[in-house]
Amino acid sequence: MGVRNREIHFVVSEAELERIRTKMSELGVTSMSAYLRKMALDGYCVRLDLEDVGQMTRLLRYANNNLNQYVRRAHETGSIYAADIQDLQARLDEIWECCKEILARLASIR
């Protein structure tokens, strides 16, 4: 990106300034400089709701914890139960469904 050592100045009306601030607020952006630079360079800003990613991360942790328990049990007993495998498969299916939903929503962003 390089050093930012050039300035651009422009004048807006009070109504335009309020509209810019409203849009920044909707996006959760606090830096007007960053917002205006992004809009000038790319023409849009996107605010992503990453709550589903957090849910997916939690599901991955649960599945990982269960897998670790199953491996530990397999080392101790020399076998693993079919019910454990089915439980893990169900958790992984849930994670894949969550991934598909997230990817579909991301793909719809234009």
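The values are calculated or read from the model by the stated rules, or taken from the named source; none is laboratory data. Just so you know, these numbers come straight off a predicted model, no measurement behind them. We place every Cβ from the backbone using ideal geometry, glycine too, and count neighbours over all the protein chains shown. For accessibility, only protein heavy atoms count, side chains too; no ligands or nucleic acids. Shrake-Rupley method; radii C 1.70, N 1.55, O 1.52, S 1.80 Å.
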- Task: Specify the residue that is nearest to R105 (Cα to Cα); the eligible residues are those in region 21-33 that are open to solvent by less than 70 Å² (accessible area, probe 1.4 Å) and not in a helix (DSSP H, G or I).
- Result: G28
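One line per residue, one yes/no per condition, for (1) assigned to a helix (DSSP H, G or I); (2) touching a helix residue (DSSP H, G or I) at 6+ places or on another chain (Cβ under 6 Å); (3) open to solvent by 80 Å² or more (accessible area, probe 1.4 Å); (4) of a type in the set (G, A, S):
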| residue | (1), (2), (3), (4) |
| --- | --- |
| V11 | no, no, yes, no |
| R19 | yes, no, yes, no |
| Y35 | yes, yes, no, no |
| V53 | yes, no, no, no |
| V71 | yes, no, no, no |
| C98 | yes, yes, no, no |
- If R4 satisfies every condition in (1) under 18 Å from the mean Cα position of the chain (by Cα); (2) open to solvent by 90 Å² or more (accessible area, probe 1.4 Å) but one, which is the exception? (1)
- Message: Can you go through V53, V46 and tell me which one is closer than 30 Å to I8 by Cα and either aromatic (F, W, Y) or in contact (Cβ under 8 Å) with a residue 24 or more places away in the chain (or both)?
- Response: V46
- Item | Odd one out for Y44, checked against (1) in contact with a Lys or Arg (Cβ under 9 Å, 6 or more places away or on another chain); (2) in a helix (DSSP H, G or I) | (2)
- Checklist (1) under 28 Å from the mean Cα position of the chain (by Cα); (2) under 29 Å from A104 (Cα atoms); (3) open to solvent by 60 Å² or more (accessible area, probe 1.4 Å) applied to I85, failing item: (1)
- Search result, residues across region 55-69 that are in contact with a helix residue (DSSP H, G or I) (Cβ under 9 Å, 6 or more places away or on another chain) and open to solvent by 80 Å² or more (accessible area, probe 1.4 Å): L60, Y62, Q69
- Item | Close pairs (8 angstrom Cβ cut-off, 6 or more residues apart or separate chains): free of Cβ contacts under 8 Å to residues at least 40 places away in the same chain and of a type in the set (G, A, S) in region 62-73, in a helix (DSSP H, G or I) and surrounded by 12 or more Cβ atoms within 10 Å (Cβ to Cβ) anywhere | A63/L88; A63/R91; A63/L92; A63/I95
- What pairs come up if the first residue lies in region 90-110 and is farther than 16 Å from T57 by Cβ, the second is aliphatic (A, V, I, L, M) and loosely packed, with under 11 Cβ neighbours inside 10 Å, and their beta carbons are under 8 Å apart, counting only those six or more places apart or on different chains? I109/V46
- Query: For I102, which of the numbered conditions (1) open to solvent by 70 Å² or more (accessible area, probe 1.4 Å); (2) part of a helix (DSSP H, G or I) fails to hold?
  - Reply: (1)
- Item | Number of the exception - A63 against (1) more than 30 Å from R91 (Cβ to Cβ); (2) assigned to a helix (DSSP H, G or I) | (1)
